[in-house]
Structures are given as structure tokens and as C-alpha cells.
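What follows is a single structure, written as C-alpha cells, with notes after it.
The values are calculated or read from the model by the stated rules, or taken from the named source; none is laboratory data. In this text the structure is predicted, and so the values were computed from the model without any measurement. Counting neighbours? That spans all protein chains shown, and the Cβs are built from the backbone with ideal geometry, glycine included. Side chains included, ligands, DNA and RNA excluded: accessible areas come from the protein's heavy atoms. Shrake-Rupley method; radii C 1.70, N 1.55, O 1.52, S 1.80 Å.
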Amino acid sequence: MAQAAAAAPAIAARRAVRGTALRGKSASVRPTRSGRGASLECNAFLDQLKKAADGVLKGDPGAKTRARYQDRVDAINAMGPAMSKLSDDELRAKTKELQAKVKNGANLDSLLVESFALVREASDRVLGLRPFDVQLIGGMILHEGQIAEMRTGEGKTLVSALPAFLNALGGKGVHVVTVNDYLARRDCEWIGQIHKFLGLKCGLIQAGMAEAERRENYLCDVTYVTNSELGFDYLRDNLAQTPAELVLRDFNFCVIDEVDSILIDEARTPLIISGMADKPSERYIQSAKIADALERDYHYKVDEKQKSILFTEEGYEACEELLQVTDLYDPRTQWALYIINALKAKELQLKDVNYIVKGGEVVIVDEFTGRTMVGRRWSDGLHQAVEAKEGLTIQNETVTIASVTYQAFFRAFPKLGGMTGTAETELTEFNNIYDLSVAVVPTNREVKRDDAEDVVFRSESGKWNAVRTEIARMHKKGRPVLVGTTSVERSEQIGELLDEDGIPYELLNAKPENVEREAEIVAQAGRRGAVTIATNMAGRGTDILLGGNAEFMARLRIREALMPRIVMPEEGDIAFEKKNIGGANADRWKVKDGLYPCDLSAEAEKLVQEAVDAAVASWGARSVEKLEAEERLSFACEKAPTEDEAALKIRAAFNKVEAEFEAVTKTEKVEVVGLGGLHVVGTERHESRRVDNQLRGRAGRQGDPGSTRYFLSLEDNLFRIFGGERIQALMSAFRIEDMPIESGMLTQSLDQAQKKVETYFYDIRKQLFDYDAVLNSQREKLYFERRRALAATPAQLEQLMLEYAEQTVDDIVQANLDTSVDPAEWPLEGLAGKMAQYCYFMADIDEADLRDKANKGGYDGVRNYLAKRGTDAYRTKREEVEAIQPGLMGEAERFFVLSQTDNLWKEHLQAIKFVQQAVGLRGYAQKDPLIEYKLEGYNLFVEMMAQIRRNVIYSVYQFQPKRVKENPPEAQPKAEAGAAESEFPEMGDGQPVEEDKELATAKAGGSRKKGKGKK
């Protein structure tokens, strides 16, 4: 019976597909017309049925989240009326009251309801935005140190203000991290007004800021910063030579916007601060020429999945013959590395996909966001190989001085929260690596987006024709279209196709001239008939409003009139900033003709002109920094109270312009909604389903209608590389170029391919994490010791030097005296010579002294005598130096500790990188590479820490201060050149010093000779 019941839905489904109904024979059956339409209708019906069944069985995660937080939401809502009665000053007084409670030991959780109610009221007054209940839930999730998954258009940016305010009450600072400078500035100018209104200080970090400015901004209650700026500031702080150079304070709480982009997409990319190393650039040029001459699949194979190059036998021979060398892998010449990099540059790093050329430099394009990463370089000579391929000036090779991965860096925060539109697919990774759980926030309004089935073609040409037809069809209807592409090159190809069809479009990709107009392009992407072609960058941080964004456009209109009059001219304006858009002499503030929905009335034009004149009179003509001007404009366009006359006039003009634009955009929105809303066209599946979902999420925001459709080809990189045999078989089975393939099996295969890619990259990130955990524990220990030395008082440094002196004597004695041998046979003459070489204050020690101590006290007798002589020598040296200049010894000791730490850590990073590459082969010997890496890494680290203290105390003993000039008042005694790099002599093996010919360090545990870093 149960089996029959279970089978009934399946039978019903099969009959529905055949066009019959589950009725008795006597009932009249309306004939159905068989064919494609009926089949599609049934499939759509079954899909809805399946979705409904999934909802019942799995439950709605959003509903579960709502239920969990509803009590606190109700409590916040209940406080609303009381908060709305308070004056602006009374609201600010509330902030002080809450800060006092935290100071007196109140738990932040107990203040959550009141704080959130306060921020909600302030947001309403300053921005005219009152956070919805679902946004309050998002804020609570972030405060608890979890990830909030919120759909696109649900107001994630506003959500961050709630937990940021609450966690800033303790005065320890909060970091709000975004993916680029534009979003950091926008959020600080916009959301920062809430914090400023409530009496908190708000800071912003941008690329190129000076040290003092950074320090001041990091000391604010809430600081807006990009992930890379924050990471590099952390590394730079750990290279600081004086406490005054530090810019960061201790970490407290961090909110990451677009958390999946930073913690997952960028997890494979470490942040590296590098120094220059000398490498001959001719080799890169020669290798580029050789790579050009070699043939793919004959001389070498390309593994696109692993992104690696493999020589064939013919390839080896050809290269060796061309270079006139006997071994390509000779470690003295390392030609193989140069040629492999040149081949990678030729086959795997493609122009306008992986990088663009700008101003004679190769600029990397982020594969996930499509944005350029100025200042970033590929490591291990790959960047130089690309420069050689493009015929550009080759920059010097670099050597790593400091590095950290985002995985290690963000785990250093005591509390971390994040938000994104797409996190659920990466739930396992967030849990396993970052110990972060994901909570799905319900949407404020029901999502009405229609995600159509993928359309798959055998060949690329068929796909592009279909994309072209789809865009033309939607454009003809009047619906706005957003076309998503995976590279700059593809976006330009589609642009060329639309040019042929005479369809106007906007292009948003990593090319600088397009990035500059991002806000402008997005502001009108939702207008009737608009076509916007964008790389992945369209998936983040921007909101496409149907009918056009009146507020955005009004701000652009004011900006266009105001900025040329008040902004200070920049030195050497880059050519592309002088955008040739609105005519030959258009300045860089002018927007493209036809952007605004209507012409302004005479009254509005007059208000704009008066506002600009007032700003010039008040702030000065062309005298305001660009960033400062943007911030003032942003403030003026919001509702925060102000007494600045110029800001008030700009606000009045802005409100008038916005009202006139809105009259048009509102009407247009009704039209666009009636036509079906924004239509998103995807042209390729990405390596990650999240990026696809982000593009889909641009349509159907806040209950608006919308639709999405992906056009794919079996020749797309993803399926070609990861598709496997099933997809290859389908490719050979279908011979028709432009006929779409509709097959459940095919869609399933494509999904499997995408999941396979995600798993593959997750495994890489997990392995990177496991290996990096080893280096990270070492990094934390070293940076802790370095910071301690940086902040140490002279007395603390003296104590540290005494410890170093004793431990170094221990090392020398242990290396020279073998306790298993009779003391009468100990080579004490060699030990005495070694001590004299180590410290000239001990030159009077001879074999007789040591023999006497050995006879009386054995090993400990010798060790204790030498340890006392070592510490006495240090005290004598200290007195000598202090007599020349009081306080100089402390400065010199600090300098020695910091410079030796930096030099030896730099060499350690090189050594451990080599170990990581070498242990991979030990898997063949049935050994776990990770365990081998941990053991070797630990030994290297212990030896490095020992070498630091040896070199430091040796440098202290050798230190000879000199005056720069003869007694000028400001003269400071200086150390001799190279004092910081004084290299500890070999510890010896007990033989007389003059006979030392080789490294004799076996007994000391294989100490590596260290000291000078590579320049």
C-alpha cells in the first residue's frame, strides 16, 4: 500500500508529460495539443512542484532565521516611538550613555536592542532610510560573528552600520572591509554619516595615503578600508623600525562586505611585500623568443586545469640546442624556469583576459571581479615573462620580505562577521577554515525573478549568434538588458556584434576609461531599452534600479557642475582621465551625452548655479583635494543636519534636480516593470556557482520582476577543461552549429563540471591553508617577539641582551664539548679560541683557565664560567657606549634586533618555500608531505630564532660608535656600516680557530650560516 502511495506522484508526473490527466475514463478529457509548447509547460509545472517539495522537506532557511531573532526585532520595534521623540542632541547623548555603560563593564549583547533602535532612528533622519526588520536580523548575525547571506538589493551596506556602531562603543575600533577603494569611499561618505551624526569618529583608508593620515584614520571608532590596504598595513607595521611608524591598533571586530570574494576567491593569493633582487632581464627576452618558436603539443604540453607546462623530449632537445647548454635544469643557470614562465605567458596569461597593458605596464585583472589590481605583480618571474612577451621594459625580480594570506590574516580578529549575496554554496569552507557559520536572511519582499533554463550550443559561433538575437529581441521590447561576460576581450566582442546591429550599449569592464564611469553606467542600466555589457565587476557593490537611478543621476549632475570649480588640479593628469566623451575638450567630470532622463527647468538650473557659486565662495576656487570634495558633495546630498551654507545650498539644488529626474524615472519604472523588468544574459558559466548567482541577482531586486538566461557552448573553457568524457561525447554527437541542445542529461553534466571545479579549487585552498598554518604560527611568534623588541624600554632590552649572551654561550659550549667523552679529552684550546673570536673581551681566556673549571665543575663549571664572562663583557660594552652618548646602546640594540629579524626572516621565507616544493615528492616514499613540511619547517624556524640572537649579541660586542662630525651640537654617534649585519662566526668543533676551514656546525643541530639579506 505504501509503495502504491509513493508511486502515485511519479505515475501522475509521467501521465502529465504524455498530456493525459489522472481521471476516470468516463470524465471528459479536454484534448491537448502535443508538441514542444505542452512539453515545456509540463516541465515548468514539474519544476515548480519539485521546488515546492524541496521547500516542505528542507524548510525555508530564511524563515528559520526570522524565527530565531524575532523577539529582539520586536523589542527594537517597540523602542521606535520613544526614539523618534528624542531630539538630535538627545540621540547623541544616548551614544555617550551607552559608551559609559560599556566602560563600566556592561555586556554588548545587553545593549544590542537599544543600540540598533538608536542607529535605525539616526539612519532615518540622516539618510532617509529606515532599516527593515530583515536588515536588523542581518545586523544581529554580524554582531554574533557569523556570515549573513542577503540577496542583492536587500541593503547589505546599511546593515553593516548596526553592528559597527554597537562594537565601536567600547572604543577599541571597528574595521569595515570592502573589495575596492571606490566602495570603501562610498560607504564611508554615505553610511559614515550615521556614525558621525551619533558622535562617533569615522575613518577612511585609501591607496596612496600618507602614514600619519593612515594612523589618524585607524584610530577612529569605525574605519572603512579595503582588504588589501588593511593586509599591507599589517605587514608594513611588522617591518617598522620605530614605534612611531606603526599605524594599526590592536584588532577588535571586523565586518567584511562581499565576504566570499575576499575569504574564498582571493584566498589563493597571498599579500607579499617584496624587495628588489638582481636578475638578468636578457634571459626573459631570450626565453620569450624561444617560447615563440616552440610548437604546442609537439615541444610542450599545456595542462589548463593545473595551469602548468610540461616539456616533451623534443622540447628539451630543441631548447638545449638553441641555448647551447647541456642541462636545462642546471641550478646555476636555471634556464628551465625562464622558458616555462615564457610558455605560461604565451599560453595561459592572455591579454585582455588575465591582464591589460596600461601606461607601458602589465596590470593584472582580477578574474573574479573583473577589476584591475594596480601595483600587484605575479611572483616567481611570471610577471617579467609577460612583460617580455609584450615587449615592455622588464622590471627587476623581487624577493619576498614579508607575506600573509587572507586566510591567516582575518583569523587574527577576535570577532569576524561577513555579508554577501551568495555564501550558502561555500558553507563547508567557511565552517572548516574560518569557523564561521552562515545564516540566510529572509528577503524583505518575495523574489519574482524567473531563471530560465540554460541554452547550450555545440560551438561558440552558435552561442554568440543566439546571444546577439536575445539582446536584439529584448531591446526591441524595451526591456533593459545586462550582459555578463568573463573577460575584457569577450565584452568587446559582444560590443562589436551590437555595433553591427546598430544597438546602442554601455561597456563596463576593467579598461580604465570604463572604470572611471562605473557609477554613471550603473545609474542608467535599468532604463527602458538600455543595454549594458559588463565583466564580473557588475556583480558587486552596485544597484541597478528599474527606470534609472534618479538619486545617482542627480548627484552626477551636481558633481559635473561643482567639481571643475572647486577641485585642486592634479599633477600630471593621466591621459585616460581626460576623457574624450562629451566633445573634443570635455573635461574629466563631464558625463556622456544623453545620460540624464530630462533637461532641467530654468529654476533648477539657477539653483545648481547658485549652489556652485556659494561653494566656490565658501571653500575657495580650485582649492579642495579631490577626495575631500567628493566627501563634501556626498554629505551635502544627504539629510544630516549642518550649518554650512554652501552644503545647504547644494542640498536644496540636489533635492530639486532629484525631484525633476524622479518624475521621469518613476514613470519609466512602471513601463519597465510592465515589460518584465531587467533581463540578465549570461554568456559563460564561471568556475564558481556563486559568481553566476551574483549576476542573476542583479535582476528581481526588492520584489521587482526580472529574468535571467545563460547561453553556453560546449567549447567554453570550463566544460572543455573540466567537462570529462560525457560532454566530449555529446560534442561529437551534435553536428549542428547553431541549434540549441536541450537535454536534462547535458544540464546535469554541466552542473557536475561546475561542482568539480569548485571542489578542485576548494582542495587547493584547503591544502594552502594547511601548509600556511605552519608558516602562520611561526609568523605570529616572530612578529610577537619583534613587536616586543620594538616597544621595549632600555632596561628590557638590557635584560634581553643578557639572555642572548647566556644562550649563545650555551650554543658554543654544546657545539664544542661532548658530554659522553672524558673531560680530559675535551678540546678546550679550540673552545678558548672560539670564545676569543666571538667576543674580544674574552681574548684573555686560555686552555689552562678552562681546564681548571672543567676539573672542578665538569661541563657545568665551564659553561657557568663562560656565561658569566659573556654577561660581564656585555655590561662592560654597555658602559663604554653609554659613556660616549647616553641612550645610544638601547637604540643600537633595538636596531640590531629588528634588522637581524627582518633579514633572517626574509631568508627563512625563501628556504621554507623551497622545502614546500621539495616535500611534495616524498609522497612517493609513503610519507605524508604535510607532516614532513611541519617537521622541517619547525627545525628551520628554531635554527633561525637561534641565529637571530647569535647575530644580535655578536653585533653588540662588535659595535664601535663613531661621531659623524667633530662635535656639532646635533651630532649623533653612528654605528659602523654593516654593524647590523655582523655575522656570527661559526661555533666550531673544538679545533684551534686558525684551522677552521669549513662549516663545523653538526653538533649545534645543523645551523645555517645567516646574516646579510639579499639586496
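Spin-label model, A244 to S461: label points 7 Å out along the Cα-to-beta-carbon direction sit 7.0 nm apart. Just how far, in whole angstrom, is the stretch 385-414 from the stretch 59-99 if you go by their alpha carbon centroids? First find each Cα centre; the distance between them is then 45 Å. A Förster radius of 22 Å, combined with the Cβ-Cβ distance separating L337 from E313, puts the computed FRET efficiency at roughly 0.70. Of the whole protein surface, D297 contributes about 100 Å² of accessible area at a 1.4 Å probe radius. Which entries of K289/K346; K172/K415; K305/K344; K172/K201; K756/K934 have Cα-Cα distances beyond 18 Å here? Checking Cα-Cα distances, K756/K934 exceed 18 Å.
Extension gain for A412 to M276 (0.36 nm times residue separation, less C-alpha to C-alpha distance): 46.1 nm.
Shown is the FRET efficiency for L219 and E295, computed with R0 = 45 Å from the Cβ-Cβ distance and rounded to the nearest 0.05: 0.15. In this rough spin-label picture, where each label sits 7 Å from Cα along the Cβ direction, the A63-D852 distance is 9.2 nm. Simple spin-label estimate for A925 and R875 gives 5.0 nm between the two label positions (7 Å along the Cα-to-Cβ direction from each Cα). Enumerate by residue number the chymotrypsin sites (Phe, Trp or Tyr not before Pro) in the stretch 320-408 meeting two conditions: DSSP loop (anything except H, G, I, E, B), and at most 15 other Cβ atoms within 10 Å of the site's Cβ. Here the chymotrypsin sites (Phe, Trp or Tyr not before Pro) that fit, given the DSSP loop and packing criteria, are Y329.
Convert 25 °C to kelvin, take the viscosity as 0.890 mPa s, use the Kirkwood radius over C-alpha pairs of the stretch 279-395 as Rh, and evaluate the Stokes-Einstein diffusion coefficient in µm²/s, rounded to a whole number. The estimated diffusion coefficient comes to 167 µm²/s.
The calculated FRET efficiency for D451 paired with V673, based on their beta-carbon distance and R0 = 30 Å, is about 0.95. The GluC sites (Glu not before Pro) of the stretch 270-329 that meet both conditions, a loop assignment by DSSP and at most 11 other Cβ atoms within 10 Å of the site Cβ, are E295.
Which of the aspartates and glutamates could be linked to K301 by a straight reach, that is with a Cα gap under 14 Å, when you skip same-chain ones fewer than 8 residues away? Cross-link targets: E313, E314, E347.
If the segment from K85 to A883 were pulled out straight at 0.36 nm per residue, it would be longer than the present Cα-Cα gap by 280.3 nm.
Are there any GluC sites (Glu not before Pro) in the stretch 636-722 that are in a DSSP loop and have at most 14 other Cβ atoms within 10 Å? List them by number.
E643
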